[in-house]
Amino acid sequence: QFYCPKCKKREIYKQIKWENSVPYESAVICECVQERQNVRKLIESGLSPLMAKKFENYKVSNELQATIKKKAFANTKVHDWFFIGGQSGAGKTHICAAIGNELLEGGSSVEYMLWMDKVAELKANQMDYETHKKEIDRLKNIEVLYIDDLFKTKEGTDVTGADVRFALEILNLRYNQKLKTIISTEKTIMEIEEIDTAIAGRINEMARDYVLNIGKDSSRNFRLNGDFS
């Protein structure tokens, strides 16, 4: 649906240039091409529903939110992973989406992965080897992967062995290849360590100074308290 009146979606336009008083036509790449590529990347990333989640509209009204925003913005300038876990409603998805959107605008390829939906899909197609492998390989190799709600399960159910296996398979290769990964979850890094020590260890090592654990405290549920945009 992207339309440019200058090139009329052709991505090039003709321009008259002069050389030694002689006019000639040349094809010029339109300025809209970069913007078109950015729009295409946004759609392909899966972040388009979260495109409004930016650093500038992340509300800061207390010290915790200020720390989260400062750490997250600093993370856009480095290759380290970013991990934020803990209290529901504390703005974890917003701040991670802000990192993803900032990186997209900088030209990186970003993939948004909602954990519950993607794991359900992977479990459903694991008998179809080619489809399953293609999807796993894509998640392993995308330049930047944002995993939202890691290890979230349906209410009343526990994290399964298959959940751990998929997480380890994806994160281990990204760890080995040092590919940037952004993770939000309602579990702290200590709770993830209880699920699987190897996964927690890789996150800790790759995120280093960008591991943020928000203690379970209803006063930090900024969504419920009307203190979060």
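Points worth noting:
- Restricting attention to region 56-66, the residues that are surrounded by fewer than 12 Cβ atoms within 10 Å (Cβ to Cβ) and touching a Lys or Arg at 6+ places or on another chain (Cβ under 6 Å) add up to 0.
- Selected residue [at pLDDT below 90, farther than 21 Å from ASN172 by Cβ and within 19 Å of the chain's Cα centre (by Cα)] from GLY100, GLY91, GLY86, GLY156: GLY91
- When the criteria are applied in full, ILE84 meets the requirement of being among the aliphatic types (A, V, I, L, M), over 25 Å from ARG40 (Cβ atoms) and open to solvent by less than 40 Å² (accessible area, probe 1.4 Å).
- Apart from one condition, GLU135 fits all of (1) outside any loop (DSSP other than H, G, I, E, B); (2) more than 25 Å from LYS187 (Cα to Cα); (3) out of contact with any helix residue (DSSP H, G or I) (no Cβ under 7 Å at 6 or more places or on another chain); the exception is (3).
- Complete set of residues in region 73-102 that are closer than 25 Å to PHE166 by Cα and hydrophobic (A, V, I, L, M, F, W, C): TRP81, PHE82, PHE83, ILE84, ILE95, CYS96, ALA97, ILE99
- For ARG10, the conditions (1) crowded, with 16+ Cβ neighbours inside 10 Å; (2) assigned to a loop (DSSP other than H, G, I, E, B) are fulfilled apart from (1).
- Just one of the listed residues (LYS53, LYS69, LYS123) is out of contact with any strand residue (DSSP E or B) (no Cβ under 6 Å at 6 or more places or on another chain), open to solvent by 30 Å² or more (accessible area, probe 1.4 Å), over 11 Å from ILE182 (Cβ atoms) and assigned to a loop (DSSP other than H, G, I, E, B), namely LYS53.
- Among (1) in contact with a strand residue (DSSP E or B) (Cβ under 7 Å, 6 or more places away or on another chain); (2) modelled with pLDDT of 90 or more; (3) not in a loop (DSSP other than H, G, I, E, B) - the single one GLU111 does not satisfy: (2)
- Residue in region 168-179 that is touching a residue at least 40 places away in the same chain (Cβ under 8 Å) and crowded, with 18+ Cβ neighbours inside 10 Å present: no
- Unique residue being in contact (Cβ under 8 Å) with a residue 60 or more places away in the chain, open to solvent by 50 Å² or more (accessible area, probe 1.4 Å) and under 30 Å from THR67 (Cα atoms) when the list is LYS187, LYS152: LYS187
- Taking residues in region 192-206 that are more than 17 Å from ASN176 (Cα to Cα) and open to solvent by 60 Å² or more (accessible area, probe 1.4 Å), and partners anywhere that are in a helix (DSSP H, G or I) and at pLDDT 95 or above, the pairs with Cβ atoms closer than 9 Å and at least 6 places apart or on different chains are GLU193/ILE199; GLU193/ALA200; GLU193/GLY201; GLU193/ASN204; GLU194/ALA200.
The values are calculated or read from the model by the stated rules, or taken from the named source; none is laboratory data. Given the structure is predicted, the values throughout are model-derived calculations rather than measurements. Every residue, glycine as well, gets a Cβ built from its backbone with ideal geometry; the counts of neighbours run over all protein chains shown. Each accessible area value is taken on the protein alone, full model and side chains, heavy atoms only, with ligands, DNA and RNA left out. Shrake-Rupley method; radii C 1.70, N 1.55, O 1.52, S 1.80 Å.
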